[in-house]
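The values are calculated or read from the model by the stated rules, or taken from the named source; none is laboratory data. All values reported here derive from a predicted model rather than from experimental measurement. With ideal geometry, Cβ positions are generated from the backbone for all residues, glycine too; neighbour counts draw on all protein chains shown.
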There are 2 protein chains.
Amino acid sequence: MRVVAEQAEADAAGIAARQDTKEVILDSAERLFAEKSYASVSLRELTQAAGVNLAAVNYHFGSKDALLIAVFRRGALALNRERARMLREAEEKAGGGTPPLREIVSALVLPAIRYSFTSTRLALYNQFVAFARGDGPAEAREILDKDVGHLQRFALSLARALPHLPQQEVYWRLHFAMGVLHSLYTDMKRLESLSGGLCQLDDLEAVAVRVVDYVTAGLEAPFAGPLVQEKTA
Amino acid sequence: MRVVAEQAEADAAGIAARQDTKEVILDSAERLFAEKSYASVSLRELTQAAGVNLAAVNYHFGSKDALLIAVFRRGALALNRERARMLREAEEKAGGGTPPLREIVSALVLPAIRYSFTSTRLALYNQFVAFARGDGPAEAREILDKDVGHLQRFALSLARALPHLPQQEVYWRLHFAMGVLHSLYTDMKRLESLSGGLCQLDDLEAVAVRVVDYVTAGLEAPFAGPLVQEKTA
DNA sequence: GTCTATAATATGATAGAC
DNA sequence: GTCTATCATATTATAGAC
């Protein structure tokens with residue numbers, strides 16, 4: 001794209017030129033789609049923010065819809081890979097047995113939080129997912145619905161760590177945990193406002209501890225069983 | 001609109017005709033904006049779904065943006081009113097003292113869940129909020145950010161019920177609770193898929209108990225303090 | 001691969017008859 | 001208040017020069 005010397009170098013080396021442009025577009029798209037929703041971001045705004053030509057999106061991805069799917073795929077792959085790695089490590093450390101609940105929760109939670117701090121790439125991944133579900137083309141929604149394989153692994157691991165809980169309740173509480181994670185990407189402005197600036201997304205470790213504490217406690221909540229308490233009033 | 005006899009009747013009675021059309025538009029807008037995002041829903045699609053004329057939106061609301069704000073306002077008012085009512089009742093029942101944590105949580109949680117079951121009007125309110133934040137005009141976003149007054153009441157009530165917790169942590173855990181609620185409107189399809197159909201949003205009471213259990217446990221989670229545990233590995 | 005110019009279409013909004 | 005017709009504009013996508 002911009003640096004012509006490098007371009008010539010890459011071409012000479014037989015490499016598929018600079019794939020830089022593609023990456024830059026993906027980065028901008030992820031951020032803008034997350035911040036402003038897919039439909040509301042025009043290709044003009046997007047390509048201008050990315051510093052590339054208007055036609056580049058269609059050249060590299062084929063269409064705006066295809067770009068949305070590409071940006072989702074990239075984010076999902078990176079996040080799921082890291083989660084799976086941490087879960088595997090915890091299981092190995094447990095010698096084939098069940099890892100402590102806190103470690104399972106950490107494997108689920110920490111990659112999402114870490115990325116939100118360190119990588120521009122995944123900072124807004126979860127927020128993007130919310131929009132993709134409402135906005136995107138059918139294909140993107142299907143991918144999203146099917147993107148449960150890695151969560152299934154966590155469901156199984158959690159079920160082993162919480163043998164007294166019916167499987168159904170494990171699923172519900174895992175689902176709630178995802179909601180807690182979601183809150184880190186979605187409503188931080190409201191939290192900042194609510195707390196008068198006291199609560200901020202600045203200290204990675206501190207936030208991680210809070211989330212793990214909360215989610216672990218929720219998973220360990222006493223389960224009363226299917227009977228609903230009779231009102232005394 | 002459609003029923004001419006009623007229209008004439010209302011006109012004869014001196015009432016401002018049928019305000020039905022306005023309501024129908026608000027209902028459709030709330031649902032569609034929530035499902036597909038504000039920007040992706042055209043006025044043509046919206047008015048067709050509502051069964052009203054294309055020009056009706058501009059006539060009754062002035063613009064598409066103004067419609068978004070109107071639909072948000074209506075939902076926020078109804079939900080906050082009900083939450084405040086339940087919290088007040090709990091406080092009165094406690095005779096000026098601090099209500100049990102579970103009751104505070106119920107006041108926060110039950111109205112949102114109940115509406116999601118009973119009222120088409122508010123069924124998708126929370127999901128809509130997520131989109132409004134990314135999508136809407138600046139005015140809508142500001143309203144959203146400032147819409148913390150009623151949450152402030154809950155923060156204070158929770159702080160009294162959890163006197164050992166620093167105020168900052170109360171805010172964080174209230175924020176996480178909102179994330180749990182959010183999960184009921186946002187990713188239910190993923191939960192259904194993940195659980196193989198085992199988990200569904202069908203039984204209001206059962207879901208309410210699950211959410212209250214989870215959120216209460218999270219609020220009651222032990223608080224280790226600002227010190228971060230040293231890794232033993 | 002990148003860019004300009006433009007085609008084809010969809011959108012929000014409005015004027016004006018009823 | 002409702003409807004049809006239409007304007008002005010913005011959008012995605014593409015053709016074709018470089």
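Let's see how each residue does on (1) in contact (Cβ under 8 Å) with a residue 40 or more places away in the chain; (2) of a type in the set (A, V, I, L, M, F, W, C); (3) more than 17 Å from B:Ala155 (Cα to Cα); (4) touching a Phe, Trp or Tyr at 6+ places or on another chain (Cβ under 9 Å):
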position	(1), (2), (3), (4)
B:Thr98	yes, no, no, no
B:Leu101	yes, yes, no, no
B:Val109	yes, yes, no, no
B:Ser116	yes, no, yes, yes
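Can you name the residue in the stretch A:56-93 that is away from DNA strand C (no atom under 16 Å from the Cβ) and either touching a strand residue (DSSP E or B) at 6+ places or on another chain (Cβ under 6 Å) or among the acidic types (Asp, Glu) (or both) and, of all such residues, is nearest to A:Leu151 (Cα to Cα)? Selected residue: A:Glu82. Does B:Asn53 meet the test of being assigned to a helix (DSSP H, G or I) and within 16 Å of DNA strand C (Cβ to nearest atom)? So B:Asn53 does not fit the description; no. Within the stretch A:158-183, take every residue that is of a type in the set (S, T, N, Q) and more than 20 Å from the chain's Cα centre (by Cα) and give me the one that is nearest to B:Met178 (Cα to Cα). Out of the qualifying residues, it is A:Gln168. With respect to the stated conditions, B:Ser183 fails to be out of contact with any Leu (no Cβ under 9 Å at 6 or more places or on another chain), at the interface with another protein chain (Cβ under 8 Å from one of its Cβ atoms), part of a helix (DSSP H, G or I) and of a type in the set (Ser, Thr, Tyr). Picking from residues in the stretch A:146-165 that are aliphatic (A, V, I, L, M) and modelled with pLDDT of 95 or more, the one that is farthest from A:Leu108 (Cα to Cα) is A:Leu165.
Here's the yes/no breakdown for (1) of a type in the set (Gly, Ala, Ser); (2) at pLDDT 95 or above; (3) within 15 Å of A:Trp172 (Cβ to Cβ):
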site	(1), (2), (3)
B:Trp172	no, yes, no
B:Phe176	no, yes, no
B:Leu181	no, no, yes
B:Glu192	no, no, yes
B:Leu198	no, yes, yes
B:Val207	no, yes, yes
B:Gly218	yes, yes, yes
B:Gly225	yes, no, no
B:Val228	no, no, no
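Could you look through the stretch A:20-63, keep only residues that are more than 9 Å from DNA strand D (Cβ to nearest atom) and of a type in the set (D, E, K, R), and pick out the one that is nearest to B:Lys36 (Cα to Cα)? That would be A:Lys36. So how many residues does the stretch A:143-169 have that are part of a helix (DSSP H, G or I) and more than 9 Å from chain B (Cβ to nearest Cβ)? Number satisfying all stated conditions: 11. Within the stretch A:18-42, if we keep just the residues that are more than 14 Å from chain B (Cβ to nearest Cβ) and either free of Cβ contacts under 8 Å to residues at least 24 places away in the same chain or in contact with an Asp or Glu (Cβ under 6 Å, 6 or more places away or on another chain) (or both), the residue that is surrounded by the fewest Cβ atoms within 10 Å (Cβ to Cβ) turns out to be A:Gln19.
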